[in-house]
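Report on the structure given below.
The values are calculated or read from the model by the stated rules, or taken from the named source; none is laboratory data. Keep in mind it's a predicted model, so treat the numbers as computed, not measured. All Cβ positions, glycine included, derive from the backbone under ideal geometry; neighbour counts span all protein chains shown. To get the accessible areas, we keep the full protein, side chains included, count just its heavy atoms, and leave off ligands, DNA and RNA. Shrake-Rupley method; radii C 1.70, N 1.55, O 1.52, S 1.80 Å.
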Amino acid sequence: MKKSQKLLNLTLITGLALSPLSVKALQKTENIYSNLHSDGSSYQTVVSSHLSWIDEGDVEDDSELKDILNINGEEKFSQNGTKLSWKSLGKDIFYQGKTEKPQPIKTEIKYFLNDEEKSIEEMLGKEGKVRIEFTFHNDLKNIVRVNGINTEIHTPFVTTVGTMLDSTN
C-alpha cells in the first residue's frame, strides 16, 4: 500500500511540475514621437502607450506623461503623481501624453547642397542637389554582468525618420 501511495504521489507531483501554467501579466509598450527643429533639437515629444493582457477592474500603471488622453476606448483613469489607475473594461488600453523629459536618442542633422555642407540658412533660395543626413546617438546605457565582468551596454532602439518638404521650393 505504501509503495502504491508513493507512486501515486510521485506521478501527481511530476504531472503538476510538467503541466504548463498560464501566466497573465500586464504588458506595456511605448512609442515616442519627437518633432524636431531643423538643427535636430526636439520641440515636442508625444508618447503613445499600449497596455495589454488586461482583466476587468483596476489596472495600475506608472507614467510621467502630462496631458494624458485615452485614444482608443472609454476607460477612465485617475492620476496621483506618476501613478495611473485605470478602470479597465477588459480590453487593451491605448493612451498618449506629452513629455519634456530628455530623450535617450540625440539627433544630429547635416545639410548638403551640391555635395557641400551648408547651414539651412545658407541653402534657402538656392538651387541644386540637396542631401540631408541624420545621425543618431544613443545615450541610454546600462552596466550588466557578462561572464562575470561588468560591461557597458547601450539599450537598443528602432528609429524611423519622416519629413515633409515643400516640393515647389
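Points worth noting:
- Residues in region 127-169 that are exposed (fewer than 10 other Cβ atoms within 10 Å of the Cβ) and of a type in the set (A, V, I, L, M) were compared, and the one that is farthest from Leu36 (Cα to Cα) is Ile149.
- If you go through region 131-164 and keep only what is in a strand (DSSP E or B), closer than 24 Å to Glu30 by Cα and either touching a helix residue (DSSP H, G or I) at 6+ places or on another chain (Cβ under 6 Å) or touching a residue at least 24 places away in the same chain (Cβ under 8 Å) (or both), you end up with Phe134, Thr135, Phe136, His137, Asn138.
- Residue within region 47-56 that is within 18 Å of Gly162 (Cα to Cα) and assigned to a strand (DSSP E or B) present: yes
- Single unsatisfied condition, Leu124 versus (1) under 19 Å from Leu165 (Cα atoms); (2) surrounded by 13 or more Cβ atoms within 10 Å (Cβ to Cβ); (3) of a type in the set (A, V, I, L, M, F, W, C): (2)
- Being among the basic types (Lys, Arg) and either open to solvent by less than 100 Å² (accessible area, probe 1.4 Å) or under 18 Å from the mean Cα position of the chain (by Cα) (or both) is a property that holds for Lys110.
- Tally, over region 51-60, of residues that are in contact with a Ser or Thr (Cβ under 8 Å, 6 or more places away or on another chain) and open to solvent by less than 50 Å² (accessible area, probe 1.4 Å): 4
- Exactly one residue among Leu84, Leu69 is surrounded by fewer than 15 Cβ atoms within 10 Å (Cβ to Cβ), among the hydrophobic types (A, V, I, L, M, F, W, C) and in a strand (DSSP E or B), and that residue is Leu69.
- Filter result for Lys91 (surrounded by 11 or more Cβ atoms within 10 Å (Cβ to Cβ) and part of a loop (DSSP other than H, G, I, E, B)): yes
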